[in-house]
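A.B. asks: Can you read through this structure? Questions will come right after.
The values are calculated or read from the model by the stated rules, or taken from the named source; none is laboratory data. Computed from a predicted structure; not experimentally measured. Cβ placement follows ideal geometry from the backbone for every residue including glycine, while neighbour counts extend to all protein chains displayed. Heads up: the accessible areas ignore ligands, DNA and RNA and are worked out on the full protein's heavy atoms, side chains in. Shrake-Rupley method; radii C 1.70, N 1.55, O 1.52, S 1.80 Å.
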Amino acid sequence: MPSVLVVEDDPSIRQSLIEVLSEHGYAVRSAADGFSALREVTQTPVDAVVLDLGLPDLDGGDALRMIRGISSVPVLVATARDDESEIIKILNAGADDYLVKPFSGGQLVARLSAVLRRTSHVPPAGAAGAPVAAAAEPLRACVVGELAVDPGARTAYLAGRELRLTRREFDLLAFLAHHSGQVVSKRRLLTEVWREPYVDDQTVDVHLSSLRRKLGERAAAPRYLLTVRGVGIKLVAPR
């Protein structure tokens, strides 16, 4: 699973980018400013960086040059700046590609995949032949309340209605169902479901939020997915 660092100061845009990349099989971490991005790149190397130029503490161009001083990680610049001279300057400073906002999630994923193909031995997410990590333990079919999950058939039904889940949503739901009644930490989910313990916790939050909607509940009024504050999440049968 390729890992990506998203550097974006706007919270709503950052969450959207995390959601899109996660849905396409990337392990995503994030940073809201330039110096946090530099710490991330230094402490835990990633396979690619998606970098906004309008950062609150450091101009993105300067952040790019600093990243280039410590790492050869592929950098895709994603910004609202569309001036041709700026684009040329950033590409000459070491960016591997340049994407002008607004852009679609499909365009972002395609550009990122192309960058990884050109610059890295790591296969893009979803690429044929990409290694798949084995599950820590086989997951059995489970019934929790009116929820039935079958990992072998990769199906999930709620009150007899099949749930339309993404690959990652299903993996997350199957793992929680297999451990129903147990509080599971986000770190454990990242390690055993994502197989990547250093991804941003927000990746889990995004998928849990999507699962709640498909289960017909909200965080403020949970039925199956209960948050144990400061500890983790557990799946239980509604009372």
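A.B. asks: Any residue that is surrounded by 15 or more Cβ atoms within 10 Å (Cβ to Cβ) and in a helix (DSSP H, G or I) - is there at least one of those in the range 212-229?
C.D. replies: yes
A.B. asks: Consider W194 against the criteria (1) over 20 Å from S30 (Cβ atoms); (2) part of a loop (DSSP other than H, G, I, E, B): it satisfies all of them except one. Which criterion is unmet?
C.D. replies: Only one criterion is unmet by W194, namely (1).
A.B. asks: Separate question: Tell me yes or no: at least one residue of the range 126-148 is of a type in the set (V, I, T), more than 21 Å from S22 (Cβ to Cβ), at pLDDT 90 or above and surrounded by 14 or more Cβ atoms within 10 Å (Cβ to Cβ).
C.D. replies: Yes - at least one qualifying residue is present in the range 126-148.
A.B. asks: Same structure again: Just to be sure, is V193 among the hydrophobic types (A, V, I, L, M, F, W, C) and at pLDDT 90 or above?
C.D. replies: Working: among the hydrophobic types (A, V, I, L, M, F, W, C): yes; at pLDDT 90 or above: no.
Against the criterion (among the hydrophobic types (A, V, I, L, M, F, W, C) and at pLDDT 90 or above), V193 does not qualify.
A.B. asks: Now a separate question. Kindly indicate whether any position in the range 169-178 is open to solvent by 70 Å² or more (accessible area, probe 1.4 Å), within 30 Å of P45 (Cα to Cα), of a type in the set (D, E, K, R) and without any contact (Cβ under 8 Å) to a residue 60 or more places away in the chain.
C.D. replies: No, that holds for no residue.
A.B. asks: Where residues in the range 230-239 are surrounded by 15 or more Cβ atoms within 10 Å (Cβ to Cβ) and under 22 Å from the mean Cα position of the chain (by Cα), which of them is farthest from R167 (Cα to Cα)?
C.D. replies: G232
A.B. asks: Among the numbered criteria (1) touching a helix residue (DSSP H, G or I) at 6+ places or on another chain (Cβ under 7 Å); (2) farther than 20 Å from S22 by Cα; (3) open to solvent by 50 Å² or more (accessible area, probe 1.4 Å); (4) modelled with pLDDT of 85 or more, which single criterion is violated by K186?
C.D. replies: (2)
A.B. asks: Between a residue in the range 211-235 that is free of Cβ contacts under 8 Å to residues at least 40 places away in the same chain and any residue that is among the aliphatic types (A, V, I, L, M), which pairs come within a Cβ distance under 6 Å, given they are 6 or more apart or on different chains?
C.D. replies: R212/L225; L226/V236; T227/I233
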